[in-house]
1. Report yes if some residue within region 376-395 is open to solvent by 30 Å² or more (accessible area, probe 1.4 Å), at pLDDT 85 or above, assigned to a loop (DSSP other than H, G, I, E, B) and in contact with a helix residue (DSSP H, G or I) (Cβ under 7 Å, 6 or more places away or on another chain); otherwise report no.
2. Please state which one of G61, G95, G109 is more than 23 Å from A191 (Cβ to Cβ) and open to solvent by less than 30 Å² (accessible area, probe 1.4 Å).
3. Listed residues G185, G171, G145; which is over 22 Å from the mean Cα position of the chain (by Cα) and on the phi > 0 side of the Ramachandran plot?
4. Can you give me the number of residues within region 71-108 that are in contact with a Gly (Cβ under 6 Å, 6 or more places away or on another chain) and under 15 Å from I121 (Cα atoms)?
5. I'd like to know if region 313-326 contains one or more residues that are small (G, A, S) and crowded, with 19+ Cβ neighbours inside 10 Å.
6. For region 374-391, which residues satisfy the criterion of being more than 21 Å from Y62 (Cβ to Cβ) and of a type outside the set (K, R)?
7. Quick check, is P354 surrounded by 19 or more Cβ atoms within 10 Å (Cβ to Cβ) and touching a residue at least 12 places away in the same chain (Cβ under 8 Å)?
8. Would region 7-23 turn up any residue that is in contact with a helix residue (DSSP H, G or I) (Cβ under 9 Å, 6 or more places away or on another chain), within 23 Å of V238 (Cα to Cα) and basic (K, R)?
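The values are calculated or read from the model by the stated rules, or taken from the named source; none is laboratory data. Here the structure is a predicted model, which means the values were calculated and not measured. Every residue, glycine among them, receives a Cβ derived from its backbone with ideal geometry; neighbour counts consider all protein chains shown. Just the protein is used for accessible areas: all its heavy atoms, side chains included, with ligands, DNA and RNA removed. Shrake-Rupley method; radii C 1.70, N 1.55, O 1.52, S 1.80 Å.
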Amino acid sequence: MSEQKTKLTPRAIVAASSGNVLEWYDFTVYGFLAPTLATLFFPSEDKLASLLSAFAVLAVGYAARPVGSVIFGHIGDRVGRKAALMISVLLMGGGSFSIAALPTYEQVGLTAAFLLVAIRIVQGISVAGEYTASGVLLVEQAGEGRKAMTGAWVAFAMMWGCVLGSAVPAGLSSILSSEQMTDWGWRIPFALGGLVAIFSAILRLNLTESERSADAGDGTSPVIQSLRDHSALIGQMVLLLIPTAVIYFVIYVYAVSYLGSEAGFSSAAALDITTINLIVMALFVPVCGLAADRFGLRPVFMAGAVATLVLAGPSWWLMHRTDVFSVFAGQLGLTLSSTAGWALSVTALTLTAPAHLRCSVVALGYNICMAVFGGTTPMIATYLVNRTGDDYAPVYYALAATLVAIPVIWRLPKLIGRAGQFATPGTANAA
C-alpha cells in the first residue's frame, strides 16, 4: 500500500488511535491488579509465587503477540489496515468482558486459572495488530513534515489508556474497601474495557483505507516475505524498542507492585503517583513528535537514550526513599527519559519498512520485542531482585537495554533511506 495523499481529519486520527486506549488500558489494569488477581486465581501461601504466576500470565499474553503478528500482518497487507483494526479491537473487547465475568479459583478451582490464561492469549493475539496497524495507517496518510507528530498520536492515545488503567483502579480503591475490591470490585475495570472496545469499533466504521501498493512481492504470504527478506531489519526494530519496553514495564508495572508491598506504600498511594506520572508522559508525547518533525528522529531518540543512561540510577534511588515526593520525582525522571521512545517508535518503524509489507514487518518487529522483553520484564525484575538481593537489578537491566538500542538509533537515517517508500523530497530529513 502506498502513501495516501488525503488530509487526515481529527476524527480519523481519533478513530484509528482509539483502540490503543483499550489495549493499554487493559494491560495497565491487569498489571496494577496483579496482586489481587494473584490471590484470586493463583492462591498460595507463598505470596511471591502467587505474584510471579500473575505476572507470568501477563507474559503469556505478550508471548502470543508474534502469532498475532502473522495473522494481522497478513490481514493488514492483503485485506487492509481498516479490517485489521476492526477485528483486533472487537476481539480485545470481548476478552475484557470475559475476564470481568470469570469465576475465581475458589469457585471452579484450576479451571479459573486456565480460562484466564486462554483469554489473555486471545487478547495477546488480537492486540498484535492494534498498535502497529493504526500507526502504519496514520503515518502513511500524514503529510510531509508531520509524520512524527501524527504517529505520536498513537502513543498519546496509548498513554491515556494507561492513565485510565491506573486511575480507574485507584479511584475504585479509594471508594471501595479492600474486601469489596477483592470480592467484586476488580471486575469493574475489565467491564469498562469492553465498553471502550465497542466505542472504538463504532468510530472506525468510517475510516479511510490506505491505497494498495503496486508492488505485491512474489505472491507468497507477506509474513513469509518479511521473515525471508527483511529479518535483519526486524531484528534492528526489536533492538530499537527494547529500552522502551523494559523501562516502561519496570517503572509502571514492577515498581507499582514494589511500592505497594515492599516499600510500605499503600496500593492507593502507589497508583496515585503512577497516574500523575502517566499524565505527564501523555502530555510530553506530542512535544517529542513536534521535536522529531523539526530536528529529526535520530536526535530526539538519542536524547532520550542518553537521558536514560544519566538519570536511571539517581531516579531509582529516589524511588526507594520513604517520602512520596522523592518517589514521584524518581519515577518522573525515568518517565521523561523514556517518553521519546514511545512517541516516535511507530513512526520510525513505519518509515523503515518496505511499503508492500509494512503491516507485517512493523507488527513482527514490535510484537517480538514486546513478547520477549516487554511482558516478561515484571517477572524478570521480581526474580532478579529476589535472586541477587540487589534492589538495583532492574536498573541494570534497563541500562543494558538502552545500550543495545543506541547503535540502531544512530543508523536510523540509513535505514529510512534504504526503505525508500516515500518518494517526496525531504523524507530523509525525518531521521
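1. Yes, some residue in region 376-395 is open to solvent by 30 Å² or more (accessible area, probe 1.4 Å), at pLDDT 85 or above, assigned to a loop (DSSP other than H, G, I, E, B) and in contact with a helix residue (DSSP H, G or I) (Cβ under 7 Å, 6 or more places away or on another chain).
2. The conditions single out G109.
3. After applying the criteria, what remains is G145.
4. Of the residues in region 71-108, 6 are in contact with a Gly (Cβ under 6 Å, 6 or more places away or on another chain) and under 15 Å from I121 (Cα atoms).
5. Let us first name the residues in region 313-326 that are small (G, A, S), namely 313, 315, 326.
Pick out the ones that are also crowded, with 19+ Cβ neighbours inside 10 Å and you get 315.
So far as region 313-326 goes, yes, one or more of its residues are small (G, A, S) and crowded, with 19+ Cβ neighbours inside 10 Å.
6. We begin by selecting, within region 374-391, every residue more than 21 Å from Y62 (Cβ to Cβ); these are 386-391.
Scanning region 374-391 gives N386, T388, G389, D390, D391.
7. Working: surrounded by 19 or more Cβ atoms within 10 Å (Cβ to Cβ): yes; touching a residue at least 12 places away in the same chain (Cβ under 8 Å): yes.
When the stated conditions are applied, P354 passes them.
8. No: region 7-23 contains no residue that is in contact with a helix residue (DSSP H, G or I) (Cβ under 9 Å, 6 or more places away or on another chain), within 23 Å of V238 (Cα to Cα) and basic (K, R).
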